[in-house]
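Taking it in order: structure first as structure tokens, then the write-up.
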Amino acid sequence: MKNCLVALVVVFLGFQSHAQVIKRGRGKPVYVQVEDTASDRPFALKKHDLLQLNVFDLIFTDVSLAYEHFNKDGKKGYQLPLSINAGGLPDTGDYRSGSSIGRFISSRNRIFQTGFNYNYYFNGQDKVSLYMGLGFQVGAFYYWKYNYGNVTYTNQWGNPYTTIAYLGSDRKVGNNYSGLIHGGILLNPHETVTLNLKTGFGLRRYSTEYTEYTVGYFILDVSLGFKF
């Protein structure tokens, strides 16, 4: 009985130290070395929510936040973005449908923008996570319409003449709708801190009082994030 108690105590101490396991044989105890592999375990997903700030959008004085939730294995991410303009210098130029002025006006003159993004992470959440996804966005923006009309003047000889002159501008509200394919890298240098590099391309449609066109656009996002 005494020998059995001693053997049990030694086995318990062996498991506690993670250094060895004792296997009881017919003769002397056999010691089997067990290597501690805790440091070799893969990156563990402990936090399933991520809040990001888009640094690149600050160029247009937009504050753009995105909340993302990961599923259990971290391979699927469901993201809800929200962006509003914080001021800055708006583009008050005469809006011309289909011209290059419309390429950035929804960013520079943004009122708000939101939508939904789906991201697929090929290896789940790791220290370096590659992903691809689809996104859909809707938003509103300001644009300026310049007004011109016929104005009659009198020349130095008292004769009237008519010409086209600028009569002022009106600020109006337009809408935009867009869909895109994107991909990127989510870096996790720390368990709670992330750096997201994303690029993509898509189509955007503006809705104003003019006859509009669907234009292609390109995105380049750099975001800092916090997992919780």
Practice problem: Determine whether Phe122 is out of contact with any Pro (no Cβ under 7 Å at 6 or more places or on another chain) and within 19 Å of Ile219 (Cα to Cα). | Solution: no
Practice problem: Please verify whether segment 159-176 includes one or more residues that are surrounded by 12 or more Cβ atoms within 10 Å (Cβ to Cβ), among the basic types (Lys, Arg) and under 24 Å from the mean Cα position of the chain (by Cα). | Solution: no
Quiz item: Can you tell me which residues in segment 146-196 are within 30 Å of Phe104 (Cβ to Cβ), hydroxyl-bearing (Ser, Thr, Tyr) and touching a residue at least 40 places away in the same chain (Cβ under 8 Å)?
Solution: Tyr146, Ser169, Tyr177, Ser178, Thr194
Quiz item: With Thr211, Thr152 as the choices, which residue is of a type in the set (Val, Ile, Thr), out of contact with any Leu (no Cβ under 6 Å at 6 or more places or on another chain) and closer than 29 Å to Leu89 by Cα?
Solution: Thr211
Exercise. Please identify the pairs in which a residue from segment 106-123 that is touching a residue at least 24 places away in the same chain (Cβ under 8 Å) and surrounded by 15 or more Cβ atoms within 10 Å (Cβ to Cβ) has its Cβ atom under 6 Å from the Cβ atom of a residue that is assigned to a strand (DSSP E or B) and charged (D, E, K, R), counting only partners at least 6 apart or on another chain.
Key: Arg110/Asp62
Quiz item: Is segment 135-145 home to any residue that is exposed (fewer than 13 other Cβ atoms within 10 Å of the Cβ) and touching a strand residue (DSSP E or B) at 6+ places or on another chain (Cβ under 8 Å)?
Solution: no
Quiz item: Would it be correct to say that Asn176 is part of a strand (DSSP E or B) and either in contact with a strand residue (DSSP E or B) (Cβ under 9 Å, 6 or more places away or on another chain) or within 19 Å of Lys75 (Cα to Cα) (or both)?
Solution: yes
Quiz item: Among the residues of segment 75-82, is there at least one that is at pLDDT 95 or above, out of contact with any Asp or Glu (no Cβ under 7 Å at 6 or more places or on another chain) and under 26 Å from Thr208 (Cβ atoms)?
Solution: yes
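Okay, residues lined up against (1) touching a His at 6+ places or on another chain (Cβ under 9 Å); (2) closer than 30 Å to Pro90 by Cα; (3) of a type in the set (Gly, Ala, Ser):
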site	(1), (2), (3)
Phe122	no, no, no
Asn147	no, yes, no
Asn176	no, yes, no
Gly179	no, yes, yes
Arg204	no, yes, no
Asp221	yes, yes, no
Gly225	no, yes, yes
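Conditions tested, residue by residue: (1) touching a residue at least 40 places away in the same chain (Cβ under 8 Å); (2) of a type outside the set (Val, Ile, Thr); (3) surrounded by fewer than 17 Cβ atoms within 10 Å (Cβ to Cβ).
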| residue | (1), (2), (3) |
| --- | --- |
| Leu50 | yes, yes, no |
| Asn54 | yes, yes, no |
| Ile59 | no, no, yes |
| Asp62 | yes, yes, no |
| Ala66 | yes, yes, no |
| Phe70 | yes, yes, no |
| Lys75 | yes, yes, no |
| Leu80 | no, yes, yes |
| Gly88 | no, yes, yes |
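The values are calculated or read from the model by the stated rules, or taken from the named source; none is laboratory data. Here the structure is a predicted model, which is why all the values come from computation and not from measurement. Reconstructed Cβ throughout: ideal geometry from the backbone, glycine too, with neighbour counts over all protein chains shown.
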